There are 2 protein chains.
Amino acid sequence: MTIIEAAKKAREAAICLAAVGSDEKNKALMAIAKALEENKEAIEKANAIDRVNSEKEQVALPLLKRLKFDDAKRKDVIAGIESLCNLEDPVGKVQLRTELDTELILTRVACPIGVVGIIFESRPDALVQISTLCLKSGNGVLLKGGSEAKETNRILFEIIKEASLKAGMPEGWIALMESREDVSAILKLDKYIDLLVPRGSNDFVSYIMKNTNIPVIGHADGICHTYVDKEADLDMAVKVVVDSKTQYVVVCNALETLLVHKEIAPFFLPQLKQAMDEKKVKLKGCARTREIIEVEEATEEDWQTEYLDYMLSIKVVESIKEAIDHINTYGSGHTDCIITTNEDTAQTFMMLVDSGNVFHNVSTRFSDGFRYGFGAEVGVSTSKIHARGPVGLEGLLIYKYKLVGKGHIVEDYASGDKHFTHKKL
Amino acid sequence: MTIIEAAKKAREAAICLAAVGSDEKNKALMAIAKALEENKEAIEKANAIDRVNSEKEQVALPLLKRLKFDDAKRKDVIAGIESLCNLEDPVGKVQLRTELDTELILTRVACPIGVVGIIFESRPDALVQISTLCLKSGNGVLLKGGSEAKETNRILFEIIKEASLKAGMPEGWIALMESREDVSAILKLDKYIDLLVPRGSNDFVSYIMKNTNIPVIGHADGICHTYVDKEADLDMAVKVVVDSKTQYVVVCNALETLLVHKEIAPFFLPQLKQAMDEKKVKLKGCARTREIIEVEEATEEDWQTEYLDYMLSIKVVESIKEAIDHINTYGSGHTDCIITTNEDTAQTFMMLVDSGNVFHNVSTRFSDGFRYGFGAEVGVSTSKIHARGPVGLEGLLIYKYKLVGKGHIVEDYASGDKHFTHKKL
């Protein structure tokens, strides 16, 4: 089957899937969870082959780590599927009901987007996670994984496909693309694919965002900031900044640049340096920072760098305004935090910082679908439309308007014979 | 000021505008309405110049029609602004509130998208309509009108700008681009513009959609269908089809292709032909249509054509399935209707037709923001994400997540010392 044939088939299947009931979808999800458990040896075997091959090909360490699909990962995705079953089915939810006139009723109803393309580097768990989210939300799905996870992806795909078809899902709702050429082919399929979800490195996601007309949900980088205000509680500031930077350094919601008000900097920075030295975090600072603590010089490039490592850039600012401007200039619109005891200052910061997640007195590491209580997560979006921040099931839905009448025509309203009532129901 | 400077300035202004209160925005809107009324002679003069020049340059008739900004148009846009003032301010609306843990509160709040780029052919009323919608929703706006409406656009822009700045809106929130080169420049400004709203012909909107990475709200074509089911009420079917086709032929929600079930075709088509002959609508039909009524042959090209004229293509279908497949293949996802007395058949049609507006027993001409009761309208969207169908104020909004705590760190949850409560508030 060519990629266009698969896409066409997914489109047809998606139209059927949109009409499948909640119980049937949940049964299919449970069948997938069961099949994943039953085939655990085969999955581990396939994953071992991928890992041996990737080590031979000297794949980068972070990729290798994410490639692992062991007992813990399998249990995680199965638990994810089970919690997905318990979520309310969002399809068919009535969002609005208006009487336009007597016996002329408008309804807005949530419905699936259509066909979702998922492109991911390593992370075979993302394949299971996002395709089950697509099933629950009634969307067809085209999967394209990296060659480093070829064997794992293939077996996971086969398990999901067989279990779901046996449970009555429409044939073709899920398809796997394997050749290297397929990525660029997928990016051109705007006629068949309604939404792309790329999961992988900054460069990888950037490339996809720049090379397609299909809408994309995701984020390329996550340059997150914390601003320590002049009215901050120093102990809290140190604790939160250390967690934001070091709790897990390779992720998009880890802290990369710290902004400190000039009035508090002389007291805060020495205390912070001590805590960061203990965690072996390398600090870089602006000229004013370096007057207070001994650190390497931070340059313009540092403000634009997502380290994803035990490194932190620091800038001393004149005012909250300078902090907000810096964040809106260099940030990714991902997650930015203020540490202050002043409520008004916090309000201003959270209003004016143009990011999907704006925090007050908490670690940036909280910005995540699971921690937000969304159950399952499509990804974190730094887009300004459709879905922003951690995206759950909702991000895979849109709506349609249904209008039901008794032969109503527009001419009667244009001529003034009839009038709209526009009554909310 | 270069276009990039204007865009940067709009971005800065938009951040301030996002924080402006409802009363101040409404005052600015009323000031704009007043200024439009006070300057009516100057506006009419400018519009007369544009119309004379356009006639000289033999601009196409539909464009010339839309160029007109007379007393009626001015009154319409002023009434529109007044009704906009009465709409609830959507900015700041709380969409979700969850306690993640004790004193750790997550809130999702509606906020403006940022900077909206409006590109339009003729239609100076669209300039007023959409820029006041942007003001109400707290978005900065970059305007680019066609050269044929240069004088009208300039004076309308000056009036809106001056009245709103005097009323305290942030400088730079609105800017007008005039040179021909600016369209392609605007399409590349994805760093500064968050959303594009193109208004104009099919080709014009298609060009914009294909040549930018900025998200676009709008529709290129509107190939709308009505399917007359075997269980249709014949008189109602004729009445609704005539209205759908002829009530106003040059618009996107006018009917272009009629699908008729084979069992009802011998009774329905002769009756329809008589009604359409009276309205001077030229009919084209498939082979089976031509066995019943004498009309010109419809070819594959007709199913793909938006006539925007007194023309209608007709196809006799075997079943509702063939009708749905035809619509999902050739339609624009705009507006499609079924005429039937059978509720179940109607439900199936409305579930499986993948369009923003799916109708039962009513004219396709109803799919419009004003008729839906949205007050003001950004446009009709055939996109599958963010906003679909007629788009009101809501389409210019997104949300941000605000998380407020007391020094909460993720490590406490990762270590198992603390647990999330995820309580809906």
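Using a 1.4 Å probe on protein heavy atoms only, how many Å² of accessible area do A and B hide from each other, summed over both chains and rounded to 100?
That pair hides around 6100 Å² of surface in total.
Write down the percent of antiparallel bridges among all DSSP beta bridges whose residues are both part of chain A, to the nearest 5.
For chain A, the DSSP antiparallel bridge percentage is about 30.
Whole-Hz ³J(HN,Hα) for each residue in the stretch B:138-151, computed from phi via Karplus 6.51 cos²θ - 1.76 cosθ + 1.60 with θ = phi - 60°, x for glycine and proline: what do you get?
Per residue, the Karplus-derived 3J(HN,Hα) values read x, 9, x, 9, 10, 9, 9, x, x, 5, 5, 10, 3, 5 Hz.
Output, in nm with one decimal and in ascending order, the distances from the A:S206 label point to the matching label points of the other copies (7 Å from Cα along Cα-to-Cβ).
3.4
Can you pull the Rg over Rh of the stretch A:1-63, Cα-only, Kirkwood?
On the Cα set of the stretch A:1-63, Rg over Rh gives 1.17.
Please compute the modelled spin-label separation between B:R154 and A:T329, points set 7 Å along Cα→Cβ, answer in nm with one decimal.
3.5 nm
Could you check the simple spin-label distance between A:N211 and B:L87, using points 7 Å along Cα→Cβ, in nm with one decimal?
Placing both labels 7 Å beyond Cα along the Cβ direction yields 4.0 nm.
Short version: ³J(HN,Hα) in whole Hz for each residue of the stretch A:228-239, in order, from phi by Karplus 6.51 cos²θ - 1.76 cosθ + 1.60 (θ = phi - 60°), x for Gly and Pro, what are they?
9, 6, 5, 9, 7, 7, 4, 5, 4, 4, 4, 4
Relative contact order for chain A using alpha-carbon pairs under 8 Å, separation at least 6, rounded to a whole percent?
Value for chain A: 19 percent.
Over the stretch B:224-366, what relative contact order in percent results from Cα pairs under 8 Å that are six or more residues apart?
34 percent
To check my understanding: the extent here is largest minus smallest coordinate of the Cα atoms along each principal axis. What are those three numbers for the protein assembly as shown, in Å, largest first?
89, 71, 45
What is the calculated FRET efficiency for A:E297 to A:S179, with r their C-beta to C-beta distance and R₀ = 60 Å, to the nearest 0.05?
The calculated FRET efficiency here is 0.80.
Quick check on packing: order B:392-405, B:131-144 by the mean number of other C-beta atoms within 10 Å, highest mean leading.
Top to bottom by mean Cβ count within 10 Å: B:131-144, B:392-405.
For the protein assembly as shown, what is the accessible area per residue in Å², given a 1.4 Å probe and the full set of protein chains?
Here the residues of the protein assembly as shown average 41 Å² of exposed surface.
Between beta-carbons, use under 11 Å as the cut-off and find the net charge around A:H360, counting Lys and Arg +1, Asp and Glu -1.
Computed value for this residue: -1.
Can you list residues from other chains, or at least 5 along the same chain, whose modelled amide H is less than 5 Å from the amide H of B:V141?
Distant-sequence amide H within range of B:V141: B:V116, B:I174, B:A175.
Based on Cα positions only, what radius of gyration and what Dmax would you give for chain B, in angstroms?
Calculated on Cα positions, Rg and Dmax stand at 24.9, 81 Å.
When N is the residue count of the stretch A:306-369, what does its C-alpha Rg come to as a fraction of 2.2 N^0.38 Å?
Relative to the 2.2 N^0.38 Å estimate, the stretch A:306-369 comes out at 1.11.
For B:K45, place a label point 7 Å from Cα along the Cα-to-Cβ direction in every copy; what are the distances to the other copies, in nm, shortest first?
From this label point to the equivalent ones elsewhere in the assembly: 8.7 nm.
Given the protein assembly as shown, what percent of its DSSP beta bridges are antiparallel, to the nearest 5?
Of all bridge pairs located within the protein assembly as shown, approximately 30 percent are antiparallel.
At 0.692 mPa s and 37 °C, plugging the Kirkwood radius over alpha-carbon pairs of the stretch B:224-366 into Stokes-Einstein gives what diffusion coefficient in µm²/s?
227 µm²/s
Which whole-Hz ³J(HN,Hα) couplings does the stretch A:108-114 yield from phi under the Karplus relation 6.51 cos²θ - 1.76 cosθ + 1.60, θ = phi - 60°, glycine and proline marked x?
10, 10, 5, 8, x, 6, x
Grab the beta carbon distance between A:V52 and A:K282, set R0 = 35 Å, and tell me the FRET efficiency rounded to 0.05.
0.55
After finding the eigenvalues of the alpha carbon gyration tensor for the stretch B:337-391, what semi-axes result from the square roots of 5 times each, listed largest first in whole Å?
Three semi-axes, in Å: 23, 14, 7.
Rg/Rh for the stretch B:37-163 to two decimals, with Rh computed the Kirkwood way over all alpha-carbon pairs.
1.16
If R₀ is 22 angstrom, what is the calculated FRET efficiency for the pair A:I4 and B:K321, using the beta carbon separation as r and rounding to 0.05?
After rounding, the FRET efficiency stands at 0.45.
Using only the Cα atoms, what convex hull volume per residue in Å³ does the stretch B:289-425 have?
With only Cα atoms used, the stretch B:289-425 gives 229 Å³ per residue.
Count charges around A:E44 for me, please; just the other residues with Cβ under 9 Å from its Cβ, Lys/Arg as +1, Asp/Glu as -1.
Net charge around A:E44: 0.
Select the chain B residue whose beta carbon lies nearest to the rotation axis carrying chain B onto chain A, and write the distance in whole Å.
Rotation axis B onto A, closest Cβ, rounded to whole Å: B:H386, 2.
What residues qualify as long-range amide H neighbours of A:F359, i.e. H under 5 Å apart, gap of 5 or more or another chain, H built at 1.01 Å from N?
So A:F359 has HN proximity to A:D336, A:C337, A:I338, B:L403.
Once the label point is set 7 Å along the Cα-to-beta-carbon vector, what list of distances in nm do you get between A:A275 and its counterparts in the other copies?
Those label-point separations list as 7.5 nm.
Whose amide H sits under 5 Å from the amide H of B:C224, counting only residues 5 or more places off or on another chain, with H placed in the peptide plane?
Those qualifying (amide H under 5 Å, at least 5 residues apart or on another chain) are B:E256, B:T257.
More than 18 Å apart: what percent of Cα pairs in the stretch B:138-271 qualify?
Tail fraction, whole percent: 68.
Go through B:K9/B:K166; A:K150/A:K400; A:K384/B:K424; A:K402/B:K239; B:K9/B:K65; A:K402/B:K230 and tell me which ones have a Cα-Cα distance over 28 Å in this structure.
Going by Cα-Cα distance, A:K150/A:K400; B:K9/B:K65 fall outside the 28 Å limit.
Any chance you could list the semi-axes, whole Å, largest first, of the equivalent ellipsoid that the Cα gyration tensor gives for the stretch B:218-293, using √(5λ)?
Working through the eigenvalues yields semi-axes of 21, 13, 12 Å.
The values are calculated or read from the model by the stated rules, or taken from the named source; none is laboratory data. Just so you know, these numbers come straight off a predicted model, no measurement behind them. Quick reminder, even Gly has a Cβ in these numbers, built from the backbone with ideal geometry, and neighbours come from all protein chains shown. Each accessible area value is taken on the protein alone, full model and side chains, heavy atoms only, with ligands, DNA and RNA left out. Shrake-Rupley method; radii C 1.70, N 1.55, O 1.52, S 1.80 Å.
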